[in-house]
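Remarks on the structure that follows.
The values are calculated or read from the model by the stated rules, or taken from the named source; none is laboratory data. These numbers were taken from a predicted model, which means no experiment stands behind them. Cβ coordinates were reconstructed from backbone atoms using ideal geometry, including for glycine residues, and neighbour counts include every protein chain displayed.
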Amino acid sequence: MLPLGTSAATVGFGFLIALDRPPFDLRDSLWLVPIVQALVGIPFVIRTVTPVLRAIDQDLRSAAAVLGASPARVWREIDLPIVFRALAVAAGFAFAVSLGEFGATVFVIRADRPTVPVAIYQLLGQPGPLELGQALALSVLLMAVTAAVVLLIDRVRIGSLGEF
């Protein structure tokens, strides 16, 4: 949960400092930005999934084990159907957060492959109406995709479980 209470800029700067020597030298890796964005999104996943996992009745798991189900089958047949909706909502939240993540990403992004928020920032830093129009268009695109994800999250239902 630490990334939730820490400034995203601190997280990004920490990645630059921590990942600059082998075997963890990821500064030139294409995986660095997704790792940083995943780290920023993990608290939302934890806060969404943990209460559902804790609410699973242990008697269901015990009954399955007594009937001969392996731990993997218990997870697949009991836990996963109960937790699926929370996992889908958590994935949507993490995706929406990572789409708009700027603070940590600006520290680790490659200049030739900016994310949408970084591209908006770069375009706003340049003079001219064309750059402003491009920044506004990217902003609208980012808002539309984020709104679509949030609406999808709001619609995630399984049977009669109701709303999130």
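Which pairs do you get when a residue that is within 12 Å of Ala90 (Cα to Cα), found in region 36-49, comes within reach of a residue that is among the polar types (S, T, N, Q) and assigned to a helix (DSSP H, G or I), reach meaning Cβ atoms under 6 angstrom, with the pair 6+ apart or on two chains?
Gly41/Ser98
Which one of the conditions (1) crowded, with 17+ Cβ neighbours inside 10 Å; (2) closer than 21 Å to Ile42 by Cβ; (3) free of Cβ contacts under 8 Å to residues at least 40 places away in the same chain; (4) over 14 Å from the mean Cα position of the chain (by Cα) does Leu80 fail to meet, given that it meets all the rest?
Just one mismatch for Leu80, condition (1).
Name every residue in region 3-15 that is closer than 19 Å to Ala94 by Cβ, in contact (Cβ under 8 Å) with a residue 12 or more places away in the chain, part of a helix (DSSP H, G or I) and not aromatic (Phe, Trp, Tyr), in order of residue number.
The answer is Pro3, Leu4, Ala8, Val11, Gly12.
Condition first: among the charged types (D, E, K, R), out of contact with any Cys (no Cβ under 8 Å at 6 or more places or on another chain) and under 23 Å from Gln134 (Cα atoms). Can you find one or more residues in region 91-110 that meet it? Break it down into steps so the answer makes sense when it comes.
Kept after step one, since they are among the charged types (D, E, K, R), are these residues of region 91-110: 101, 110.
Subsequent filtering for residues that are out of contact with any Cys (no Cβ under 8 Å at 6 or more places or on another chain) retains 101, 110.
Subset that is under 23 Å from Gln134 (Cα atoms): 101, 110.
Within region 91-110 (the criterion being among the charged types (D, E, K, R), out of contact with any Cys (no Cβ under 8 Å at 6 or more places or on another chain) and under 23 Å from Gln134 (Cα atoms)), the answer is yes, since at least one residue qualifies.
For the subset of region 108-133 comprising residues that are outside any helix (DSSP H, G or I) and under 21 Å from the mean Cα position of the chain (by Cα), which member is nearest to Ala9 (Cα to Cα)?
Start the filter on region 108-133 by keeping residues that are outside any helix (DSSP H, G or I), which leaves 109-115, 125-128.
Okay, now just the ones that are also under 21 Å from the mean Cα position of the chain (by Cα), so 109-110, 113-115.
Working: Ile109: 12, Arg110: 16, Arg113: 19, Pro114: 16, Thr115: 15 Å.
It comes out as Ile109.
Note down all Cβ pairs under 9 Å where the first residue falls in region 88-104 and is under 12 Å from Ala147 (Cα atoms), the second is crowded, with 20+ Cβ neighbours inside 10 Å and hydrophobic (A, V, I, L, M, F, W, C), and they're at least six residues apart or on different chains.
Partner pairs satisfying both residue conditions: Phe93/Phe44; Ala96/Phe44; Val97/Val40; Val97/Phe44.
Can you tell me how many residues in region 98-137 are of a type in the set (A, V, I, L, M), surrounded by 13 or more Cβ atoms within 10 Å (Cβ to Cβ) and over 24 Å from Leu39 (Cα atoms)?
Quick first cut of region 98-137, residues of a type in the set (A, V, I, L, M) only: 99, 104, 106, 108-109, 111, 116, 118-120, 123-124, 130, 132, 135-137.
The next check asks that each one be surrounded by 13 or more Cβ atoms within 10 Å (Cβ to Cβ); those that pass are 99, 104, 106, 108-109, 116, 118-120, 123-124, 132, 135-136.
Those still in the list that are over 24 Å from Leu39 (Cα atoms) too: 123-124, 132, 135-136.
Selection size over region 98-137: 5.
For Ala104, work out the one condition from (1) within 26 Å of Ala18 (Cβ to Cβ); (2) at pLDDT 90 or above it doesn't fulfil.
That leaves (2) as the condition not met.
Which residues, counting only those in region 1-15, are within 18 Å of Pro117 (Cβ to Cβ) and hydrophobic (A, V, I, L, M, F, W, C)?
Residues of region 1-15 that are within 18 Å of Pro117 (Cβ to Cβ), as a first pass: 3, 7-13, 15.
Result: Ala8, Ala9, Val11, Phe13, Phe15.
Could you grab me the full set of residues in region 16-33 that are surrounded by 16 or more Cβ atoms within 10 Å (Cβ to Cβ), touching a residue at least 24 places away in the same chain (Cβ under 8 Å) and in contact with a Leu (Cβ under 7 Å, 6 or more places away or on another chain)?
Correct list: Leu32 only.
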